[in-house]
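What follows is a single structure, written as structure tokens, with notes after it.
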Amino acid sequence: MRHLAAVAGDTTAQIASDEELAAICDQFSPGIDYAFGYGSGVFLQKYRDDDTNPGMIDIILAIDDPRAWHERNLRRHSGHYSLMARLGGGRFVTWLQTNFGARLYFHPFVNMNIQKIHNMSAENMQSNEYANYSGISKSDNIQRQVKYGVVSSVDLIQDLVSWDYLYLAGRLHKPIVPVDLKQQSCSSNEETTASMEAKNRADEIDDAQRTNLLSAVSASLLLHDTFNNRQNPSILHSIPTKKLYNTIAGLSYTGDFRMETGAEDPNKIDKLVETPGMLERWDEKYSYSLQDLQSLGLLSVFNDIQSAHLEVNLTDTAVRRHLVQNLPPRLRNHTDLIIGSDGKPESFLHGGLILRQELAKIVSPAARSQSMKGLFTAGVVRSWRYALAKFAKGGLRKR
């Protein structure tokens, strides 16, 4: 899955190991098609107040059958659910998940015990009584705080290609760490079939992600300010790739009330791009999408070490039309307005404004309803605790 993969061998910014993420997912019931980790508990971030606190690990689980999975998870981890959810059972939980918000069911502030394995060599075991044995493993039982979200694989794919909510689609615009889910041995034809179906759904998610990333690049280019090219529309726009990534990172926060009310970290976008080690992950994530656009002659990519940038003429209506065609269907309803008109430079600025307004119309209601849903999914106490933590990062940290 090239579009979902992290940068091979690049763990500079990653603080939660692949093994930790896999160990967490192993504790859930079968039926997970795809899982990924993200957030400040997975990646190192700038301006962190407490480097000794590993932070809460955020994980998304894409599952095939929500009701069956929640019923199993209620039996295995009933304490993860609110009292209302436990009383309602799997049917109620699934109804709540799929009919409100962004079709996600979150469990914040869950403490999970995992086994962390260290491969120890003779060189780093000189003080150990087993120093004569190289390559042996040592395991530690540790507790990590986790927030995991559950989504139907079908709903995840739908958001990736259509931006119905721009919630998980927006999350997957940014670097993530895919979890290597262990393939359990199949003892029957039925289990073999289920395993193959899960692999096929994972491939469908990868295909949908390819579409999602191309849409993100196209939308971000169309949002670029063309004001400086009003006098000479034929001049190419030079856009630093870092600036492009900042725009992409902000797409899913357009119109998000949490950013406006201080319920979200004001440095969030900067952290996602500027933290050491993250820029390489952005480069890897978007290399294929940018190559695709370059092969069509729509832009040129210059990977200079000191000034990596793109060159594209965003006042060329043919270029703009092609970029608009890469957007999800609901945004293509405004094709002519977003493209603008030759000879009318102001129309390009207006097109970017229209696109930003339409993005806000997607993000704002989804963010509000998903936040309200937390009162029922996580319970009042956990929801209040989560809100306070967000405000501590947001409004209370504004400078």
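The values are calculated or read from the model by the stated rules, or taken from the named source; none is laboratory data. Bear in mind the structure is a predicted one, so any value in this text is a computation, not a measurement. Cβ: placed from backbone, ideal geometry, glycine included. Neighbour counts: every protein chain shown. These area figures cover heavy atoms from the full protein model, side chains too; ligands, DNA and RNA do not enter into them. Shrake-Rupley method; radii C 1.70, N 1.55, O 1.52, S 1.80 Å.
Could you list all residues from the range 278-310 that are open to solvent by less than 60 Å² (accessible area, probe 1.4 Å) and either assigned to a helix (DSSP H, G or I) or of a type in the set (D, E, K, R) (or both)?
Within the range 278-310, Met278, Leu279, Arg281, Trp282, Lys285, Tyr286, Ser287, Ser289, Leu290, Leu293 qualify.
For the range 138-161, how many residues are under 24 Å from Asp256 (Cα atoms), open to solvent by 20 Å² or more (accessible area, probe 1.4 Å) and either free of Cβ contacts under 8 Å to residues at least 60 places away in the same chain or among the small types (Gly, Ala, Ser) (or both)?
3
Output the qualifying pairs, or none if there are none: Cβ atoms under 8 angstrom, residues six or more apart or on different chains, first residue in the range 309-328 and closer than 12 Å to Leu299 by Cα, second residue of a type in the set (D, E, K, R) and surrounded by 22 or more Cβ atoms within 10 Å (Cβ to Cβ).
Cβ pairs passing all conditions: Leu314/Arg320.
At pLDDT below 95, on the phi < 0 side of the Ramachandran plot and in a helix (DSSP H, G or I): which single residue out of Ala208, Ala198 fits that description?
Unique residue meeting the criteria: Ala198.
For the range 354-399: of the residues being under 17 Å from Leu96 (Cβ atoms) and of a type in the set (S, T, N, Q), which is modelled with the lowest pLDDT?
Going through the qualifying residues, I end up with Ser383.
Among the candidates Thr241, Thr254, Thr226, which residue alone is buried (at least 18 other Cβ atoms within 10 Å of the Cβ), of a type in the set (Val, Ile, Thr), at pLDDT 90 or above and more than 18 Å from the chain's Cα centre (by Cα)?
After applying the criteria, what remains is Thr241.
Among the candidates Ala85, Ala23, which residue alone is more than 18 Å from the chain's Cα centre (by Cα), over 12 Å from Leu181 (Cα atoms) and crowded, with 17+ Cβ neighbours inside 10 Å?
Exactly one of Ala85, Ala23 is more than 18 Å from the chain's Cα centre (by Cα), over 12 Å from Leu181 (Cα atoms) and crowded, with 17+ Cβ neighbours inside 10 Å, namely Ala85.
Mind listing whichever residues of the range 289-317 are closer than 20 Å to Phe348 by Cβ, touching a Leu at 6+ places or on another chain (Cβ under 6 Å) and aliphatic (A, V, I, L, M)?
Result: Leu293, Leu299, Leu310, Val312.
Trp95 passes all but one of (1) at pLDDT 90 or above; (2) in a loop (DSSP other than H, G, I, E, B); (3) open to solvent by 50 Å² or more (accessible area, probe 1.4 Å); which number fails?
In the conditions (1) at pLDDT 90 or above; (2) in a loop (DSSP other than H, G, I, E, B); (3) open to solvent by 50 Å² or more (accessible area, probe 1.4 Å), Trp95 misses (2) alone.
Exactly one condition in (1) of a type in the set (Lys, Arg); (2) surrounded by fewer than 19 Cβ atoms within 10 Å (Cβ to Cβ); (3) farther than 22 Å from Gly101 by Cβ is not met by Arg320; state its number.
(2)
Going by the conditions given, is Thr193 β-branched (Val, Ile, Thr), at pLDDT 90 or above and open to solvent by 40 Å² or more (accessible area, probe 1.4 Å)?
Answer is no for this residue.
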